[in-house]
Each structure stands twice: as structure tokens, then as C-alpha cells.
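Just so it is clear, none of the values below were taken in a lab; they were calculated from the coordinates. All values reported here derive from a predicted model rather than from experimental measurement. Positions of Cβ are generated from backbone atoms using ideal geometry, with glycine treated the same way; all protein chains shown enter the neighbour counts.
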Amino acid sequence: MAYKRNIDRLPIIPAGAKEHNVTCHYCIVGCGYKAYTWPLKTQGSTDSNWIGEDLSKQQAAETEAWYAPSMYNVVKQNGKDVHLVIKPDVNCQVNSGLGSIRGARMAENRRSDVTGTQKQRLTDPMVWRYGTWQPTSWDDALDLVARVTARVIDKDNENDLYVSMFDHGGSAGGYENTWGTGKLYFESMKVKHCRIHNRPAYMSEVHSSRDMGVDELNYNYADYEVTDTIFLVGTNPMECQTNLFLNHMVKGMQNGAKVVISDPRRTVTVDRVEEAGGAKRGAAGADRHRVGRGIAQPALHLHWGSGVGRFGLHRQIGLSG
Amino acid sequence: MKCNRLVDAGRRQFLRGGVLGVAGAAAATVMPAGQAQAQQARAMVDYPSTRLANLAELKVNEPMDIGYPDADSPGILLKLGSPVEGGAGPDGDVVAYSVLCPHKGFYMSYHAADKTLNCPGHYSRFDCEKGGQQVWGHATQNLPQFALRVDDKGDIYAEGADELIYGRLSNVLQG
């Protein structure tokens, strides 16, 4: 049975609430959101609110004047509890007000002593000792890092020193789970090398694609709207770079772009691209949006974590990040 | 091992829905200034009991358009044909949902073949046999389902909703 929050109202953002720009940190697309904070014991009303709309009426589709329970929380700001709403920014050209299952949960994914969200976030360094993770002091943790690092350099040399980390990290500006270690290793200790989760270096998941001149998703997003052909290799942008797909690639398809997908999986991106062209699934007709799937190279793809992430467990896996 | 436990902890926090208490507490602050005795803050808003239809009017797997809690909140009343958890009526198969997609508020249409509501805006899909669970999509909540009561005459009444309806910050609009 579907989980329900049983939340059927939310506090209204008052006029004069603090407004902050937020860039979603979950994938590399960079969608814009607006964060609003205001004192805990105040709130707006249906006729006096942050947006000057009459909230006693039903709002239309794509309205700025609505936010979901996942976009609300209570957090600490300058030592005080404040209401927080983080909602998609309709004026951001990247997402034009669209929210993904990742970004639209940024508020809910903040640590909160009041609502209890993300209480499992670490407050002390943890060290693996005696077969389990144990909390320790910063002095002890840094001493351990220093001794291990010094031993590697003594035994070999600085070029053998690698940091193994994960990117796409946690809530708060990306890399938060590795932010402190990043400062330590790269700013202070000047370590030269790193690698991320499933790869031997900080590289594309599609091996050697950068060497071939095919970089990942680093073009002007407007290019997707005017290009003749979109070539997707081992990626599933409708799920993993949702708003880049919905807000730019779909416009490209509407403008006549052909889409070629090289992927052993039948992803929702494949379905959507086929539907955009009106093509029958698996048909090999001459439709302009037909998907060519005959050039899949399964051996080259590491497509771990390809299940659909629902809002309970967000996906942080940009396949080409 | 540790990692798995953290995931579980996160899931538990999520399922606990910690925001609820705060929404209730915040609602208490809208009481008129100067009122010496605070009114009781309700856990959820008060819903109207609205007659939607009679059982005899429903055909299996053919949704009927409804509006609940008011006419500006479109929904469907649906007899599924087989009992489901949360289903009302003598056969336990009558359900009602909002048809505004909780992602961006587009009107969804019913797909009878797999009993899902489908969004034309960004392709989200919701399962009418599973309490409106999102099959796939961009919404960060499952579909609001309307609580139903069927009386002795077979009249079907809607009396509540279990998620925030798109486009309103209170399911029952307030002045």
C-alpha cells in the first residue's frame, strides 16, 4: 500500500521571508531552486503572502504559489529554528520551475532537530576499529589520517597517494559528506590524485569517452534544443538528468532532432523518445524520432543502480557524472 | 553493513513523516491575536462529507469525474472490479483520487488497461489499485486518495484526503 504522509496543509510563506538562491546538488544539471526561511512563530496567510496571490483559491498547473510537503522543513539558521521551503525556481533557465524527485526533496532532506529528518547525519568523526564504526575525536581521526598518509609517502612517494571518495554527496551544496575531507586532502595536503566510487579515476563512467572527445553534458543546454541529433551513450537522462531531458532535450525532439540511444537497457528515456516520435515500440520504421538501438555495447557500460528511485530513496547516480 | 543501517535509518525517518507535528503546531499560530485561550489545533483540516454518487451508477473500470473537497479539485471515483486495500463498498473495490498530478498539477487521464492515472505533462504514473502509489515519475508524494464511506442506500461519500492536493496549501481551502 502506498505510503501517505497525511499532511494536508502547510504553513504559508509570509511576505518578507528571506529568499535565497539554491542550486540543486544532486546531479550535474544544476537546476535552480528558491529557498525561503522565516521565523518559526510567524507565517503568511491566504491574502498576505510571499507571492501576493489569493491562496484561498485553487492554483493552476505549474503555479509558483504551491509547494509539496517534501519541500518543507524546520531547520536551524543562525542558531534559531526557522521554517524552510525549497521550491523550484520558475525563472531559472535550466529547469524553468521543474522539480525532480531529488531536488524537490531538498528541504525534507535537511537535518532537523524539530522534524527529525536526517538525524542520522554524523556529528562526530567515525573510525573503523575492532570490526565496527566508532565515534572518535577530531584529534584522533586526523592523527590516524596523518600517520597513514606519512607511511604511504615514506614507503613509496606522493604520486602513490590517492583519495578514494564518492561524488554526488549528501545534502547541502554537494560533496558535503566529503567536504571536510576534501578541504583536508586537496586544499591542505595537496594530494594529487583521487578516484570516485566505481571508477579508477575521476572520470566518465563510459571508459575513454572523454579521450574520444565526447564529454558528458557540458554543452550549452540550449544546444539540445536546436541540434539535429542527440546521441545518448549508456545514459538514462529522463531519470538521471531529469530536467535537462524534460526542459531541453524534449524541446530538441519537438524541433526535429533525431535521438540515437546506445544502451543495452530499455530505459524510460527510450520509451519517452519513442513516444515523442509516435513510433511503435521496437518498430524500425522511418520515423524521424526512431531510436537506433542496434549499436549497444553492453561490455562498456557499468549500469549499477539502474532501478527506479522513488522519493523515499533518491538516486544520486548520474550515469555520466 | 554500516551503510545499510544508515539507509534504513533514513527510511524510518522518512516514513515517520516528522513534518506533521510541525504543521499542526504552526497552524495553532494563526489564531487571532489577543485570544486568551488557544483553540485546539487539529491534526488535519476538517473535511466536508460530500455525496459523490450511488454504487448503482458506477461501471467497473470506468472512472466517474468528481470534485472533492470542492468543485475546483478534480478527481475520479472508480469501481476497480476486484477488492483492494482501502477500497470501499460491499466489494471493497471503490476508490477515489485527485487527478491533479502532484508534480506540476497537470490533469491526469485514466488508463484502464493497467488501472493507472497518467500525466501528460512529464509522464508520471500512479497505481489506482495501490492507494495511488507512484509507479514512476517526478512527484515527491503519492497521489492524494479520498476516504470513502458507503451508506445503506449505496450512496458514496468522500470524507477526507491523505496527501496535499496540488495547487492548494490547505486541502480544504481557507479564506
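Rounded, prolate or oblate for the stretch A:1-124? Axes are the square roots of the Cα gyration tensor eigenvalues, ordered a ≥ b ≥ c, and the cut-off for rounded is a/c under 1.5.
Numbers: a/c = 1.38, a/b = 1.14, b/c = 1.21.
It comes out rounded by the Cα gyration axes.
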Whole-Hz Karplus couplings 3J(HN,Hα) for the stretch A:251-258, θ = phi - 60° and coefficients 6.51, -1.76, 1.60, Gly and Pro as x, run 4, x, 5, 5, 8, x, 5, 7
Once phi for every residue in the stretch B:46-53 is put through the Karplus expression 6.51 cos²θ - 1.76 cosθ + 1.60 (θ = phi - 60°), the whole-Hz ³J(HN,Hα) values, with Gly and Pro written as x, are 7, 9, x, 9, 10, 6, 9, 5
Listed by chain and number, the lysines with an alpha carbon less than 17 angstrom from that of A:Lys258, same-chain partners under 8 positions apart left out, are A:Lys280
With DSSP loop assignment and no more than 15 other C-beta atoms within 10 Å, the chymotrypsin sites (Phe, Trp or Tyr not before Pro) in the stretch A:71-167 are A:Tyr130, A:Phe166
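Quick one: of A:Lys87/A:Lys183; A:Lys4/B:Lys59; A:Lys34/B:Lys130; A:Lys4/A:Lys119, which pairs are farther than 26 Å apart, Cα to Cα?
From A:Lys87/A:Lys183; A:Lys4/B:Lys59; A:Lys34/B:Lys130; A:Lys4/A:Lys119, over 26 Å: A:Lys87/A:Lys183; A:Lys4/B:Lys59; A:Lys34/B:Lys130.
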So for the stretch B:45-175, using the alpha carbon gyration tensor with a ≥ b ≥ c as root eigenvalues (a/c under 1.5 gives rounded; past that, a/b versus b/c decides prolate or oblate), I'd call it oblate
One finds the C-alpha centres of the stretch B:145-175 and the stretch A:1-28 to be spaced, in Å, by 23
Here the gain from full extension of A:Val226 to A:Lys41, 0.36 nm per residue of separation minus their alpha-carbon distance, amounts to 61.7 nm
Listed by chain and number, the aspartates and glutamates with an alpha carbon less than 13 angstrom from that of A:Lys76, same-chain partners under 8 positions apart left out, are A:Asp113
Going from the fewest other Cβ atoms within 10 Å to the most, one would list A:Lys155, B:Lys130 as A:Lys155, B:Lys130
Footprinting proxy, A:His83, B:His111: sorted fewest to most Cβ within 10 Å, the residues are B:His111, A:His83
Computed for the stretch B:125-173: size of charge dipole around the Cα centre, +1 on C-beta of each Lys and Arg, -1 on C-beta of each Asp and Glu, debye to nearest 20, value 220
Magnitude of the Cβ-charge dipole (Lys and Arg +1, Asp and Glu -1) of the stretch B:32-175 about the Cα centre, nearest 20 debye, reported as 360
Computed ³J(HN,Hα) along the stretch B:101-107: with the Karplus parameters 6.51/-1.76/1.60, θ = phi - 60°, integer Hz and x for glycine or proline, the list is 4, x, 7, 10, x, 6, 6
